[in-house]
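Trainee: The structure that follows is given in the form of structure tokens.
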Amino acid sequence: MKIIDLRSDTVTLPTPTMRDAIYHAELGDDVYGEDPTTNRLEEMASERIGKEAALFVPSGTMGNLICVLTHCARGEEVILGDQSHMFLNEAGGISALGGIQAHIIPNQPDGTMRLEDIEAAIRGDNIHFPRTRLICLENTHNRCNGAPLTPEYIDSVAALAERHGLSMHLDGARIFNAAVALGVSVKKLTHSVDSLIFCLSKGLSAPVGSMVCGSREFIAEALRTRKVLGGGMRQIGVIAAAGAIALEQMVDRLAEDHVNARCLAEEIAQIPGLSIDPARTQTNIIYFDLVSDRLTAEEFVTRLGQKGIKLAPTRPSRFRMVTHHGINSEDIDATLVALGEVMEES
Ligand code: TLP
């Protein structure tokens, strides 16, 4: 039985071209700055993103942590959305390792935070208060149905940050999905932030790695922070080689994942017992609810599993499916058949 794995775009496997590039990668010791393949990837990423410099890091989680630790000192505060990956899914790293406090404000269903909520969260100058240092956005917004944030919105938050002397960081794990979905250049989504990360290992299909991007000065500091966290690696050209192929060859095809996700969402909306607003699906992430009381969330996951479909349960009775390079339109059809059968048989 073919397994259709829709749990995440992190499950993507390297393409044959990537495996070939990995095999032939020219290598050196990257802690000495001597791995030519990694140096090339970092140049390519900074050029593509429109920042002065970039740094290869093992994961998106480490990249976000490096950025926050680089921007903030102990006791300072970061403004974050209450649905953000950095708040919900990064093991409290900024407080555990940095003594940095998260100030949470609501994410709207479209992944934004209201400007007035951000402004109200910025601390005044008072010895009782932590100092606000940083505002973080997420694009696309994982928990908010993979919503892409527009350049206009990002620029308006950046203007607010500038007015208050704050820095801005973007968790752009899926920034290329946002650019492709909005039909804008990725630089339009990044030009007004001070730092960002993006992941090579999700929809772009590289096996490992993320990039931290920012000014030359910021990246020089981030390099130190990466070392502190044990993220200084040696002959990492073996993985950077795949990252370069990801950037060169895998960005434009993300549009296919978006079409597949939209198709899934529209058809799921027709299945009795399941609930979704398909208009919310603009990229490769969908969330839907089980609204039937004829089967439990566990039974739903188990029965789909028996038909070869893997998906990610989030909160009780809510599920996530993510389309990616390993999923084609036939897999979407097969998934819809399985979903229909599971609901009919219950
Ligand atoms: N997200 C993973 C899980 O951790 C939930 C996924 O399957 O979606 N920012 C965002 C917006 C992310 O979605 C993720 C990973 C990260 C950062 C962290 O990246 P990694 O997994 O490379 O540490």
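The values are calculated or read from the model by the stated rules, or taken from the named source; none is laboratory data. As the structure is a prediction and not an experimental result, all values here were calculated from the model. Positions of Cβ are generated from backbone atoms using ideal geometry, with glycine treated the same way; all protein chains shown enter the neighbour counts. Areas reflect the complete protein model, heavy atoms only, side chains present, ligands, DNA and RNA absent. Shrake-Rupley method; radii C 1.70, N 1.55, O 1.52, S 1.80 Å.
Trainee: Between residues in segment 40-67 that are within 11 Å of residue 240 (Cα to Cα) and residues that are open to solvent by 10 Å² or more (accessible area, probe 1.4 Å) and within 12 Å of the ligand (Cβ to nearest atom), which pairs lie under 8 Å by C-beta distance while being six or more apart or on different chains?
Mentor: 58/208
Trainee: Any chance segment 27-35 includes a residue that's of a type in the set (A, V, I, L, M, F, W, C), over 23 Å from residue 220 (Cβ atoms), open to solvent by 40 Å² or more (accessible area, probe 1.4 Å) and assigned to a helix (DSSP H, G or I)?
Mentor: So far as segment 27-35 goes, no, none of its residues is of a type in the set (A, V, I, L, M, F, W, C), over 23 Å from residue 220 (Cβ atoms), open to solvent by 40 Å² or more (accessible area, probe 1.4 Å) and assigned to a helix (DSSP H, G or I).
Trainee: Follow-up. Might you check whether a residue that is of a type outside the set (Gly, Ala, Ser), surrounded by fewer than 24 Cβ atoms within 10 Å (Cβ to Cβ) and in contact with a strand residue (DSSP E or B) (Cβ under 7 Å, 6 or more places away or on another chain) occurs anywhere in segment 185-193?
Mentor: No, every residue in segment 185-193 fails to be of a type outside the set (Gly, Ala, Ser), surrounded by fewer than 24 Cβ atoms within 10 Å (Cβ to Cβ) and in contact with a strand residue (DSSP E or B) (Cβ under 7 Å, 6 or more places away or on another chain).
Trainee: Restricted to segment 275-296, and to residues that are assigned to a strand (DSSP E or B) and among the hydrophobic types (A, V, I, L, M, F, W, C), which residue is nearest to the ligand (Cβ to nearest atom)?
Mentor: Among residues in segment 275-296 that are assigned to a strand (DSSP E or B) and among the hydrophobic types (A, V, I, L, M, F, W, C), the one nearest to the ligand (Cβ to nearest atom) is 285.
Trainee: Could you look through segment 59-83, keep only residues that are open to solvent by less than 40 Å² (accessible area, probe 1.4 Å) and not in a helix (DSSP H, G or I), and pick out the one that is farthest from residue 190 (Cα to Cα)?
Mentor: So the residue we want is 76.
Trainee: Sticking with this structure for a sec: Give the residue, chosen from 79, 104, that is β-branched (Val, Ile, Thr), in contact with a Ser or Thr (Cβ under 8 Å, 6 or more places away or on another chain) and more than 12 Å from the ligand (Cβ to nearest atom).
Mentor: 79
Trainee: For segment 158-167, indicate whether the set of residues that are within 16 Å of the ligand (Cβ to nearest atom) and at pLDDT 95 or above is non-empty.
Mentor: Looking for residues that are within 16 Å of the ligand (Cβ to nearest atom) and at pLDDT 95 or above, one finds none in segment 158-167, hence no.
Trainee: Which members of segment 99-122 meet the condition of being over 19 Å from residue 139 (Cβ atoms) and surrounded by fewer than 20 Cβ atoms within 10 Å (Cβ to Cβ)?
Mentor: Within segment 99-122, 99, 101, 103, 116, 119, 120, 121, 122 meet the criteria.
Trainee: Residues to consider are 334, 241, 338, 269; find the one that is in contact with a His (Cβ under 8 Å, 6 or more places away or on another chain) and of a type in the set (Gly, Ala, Ser). Before you say what the answer is, go through the steps one by one.
Mentor: On the way: 334 fails: in contact with a His (Cβ under 8 Å, 6 or more places away or on another chain); 338 fails: in contact with a His (Cβ under 8 Å, 6 or more places away or on another chain); 269 fails: in contact with a His (Cβ under 8 Å, 6 or more places away or on another chain).
Criteria check complete, one pass: 241.
Trainee: Here is a list of conditions, (1) more than 15 Å from the ligand (Cβ to nearest atom); (2) in contact with a Lys or Arg (Cβ under 6 Å, 6 or more places away or on another chain); (3) farther than 19 Å from residue 197 by Cα, and residue 151 meets all of them except one; can you say which number that is?
Mentor: Among (1) more than 15 Å from the ligand (Cβ to nearest atom); (2) in contact with a Lys or Arg (Cβ under 6 Å, 6 or more places away or on another chain); (3) farther than 19 Å from residue 197 by Cα, the lone unmet condition for residue 151 is (3).
Trainee: Quick one: which of 261, 244, 255 is within 22 Å of residue 27 (Cα to Cα) and either free of Cβ contacts under 8 Å to residues at least 24 places away in the same chain or not charged (D, E, K, R) (or both)?
Mentor: 244
Trainee: Hey, another quick one. Taking residue 6, is it over 24 Å from residue 257 (Cα atoms) and within 15 Å of the ligand (Cβ to nearest atom)?
Mentor: no
Trainee: Of the residues 269, 279, 255, 246, only one is open to solvent by less than 20 Å² (accessible area, probe 1.4 Å) and aliphatic (A, V, I, L, M); which?
Mentor: After ruling out the rest, the residue left standing is 246.
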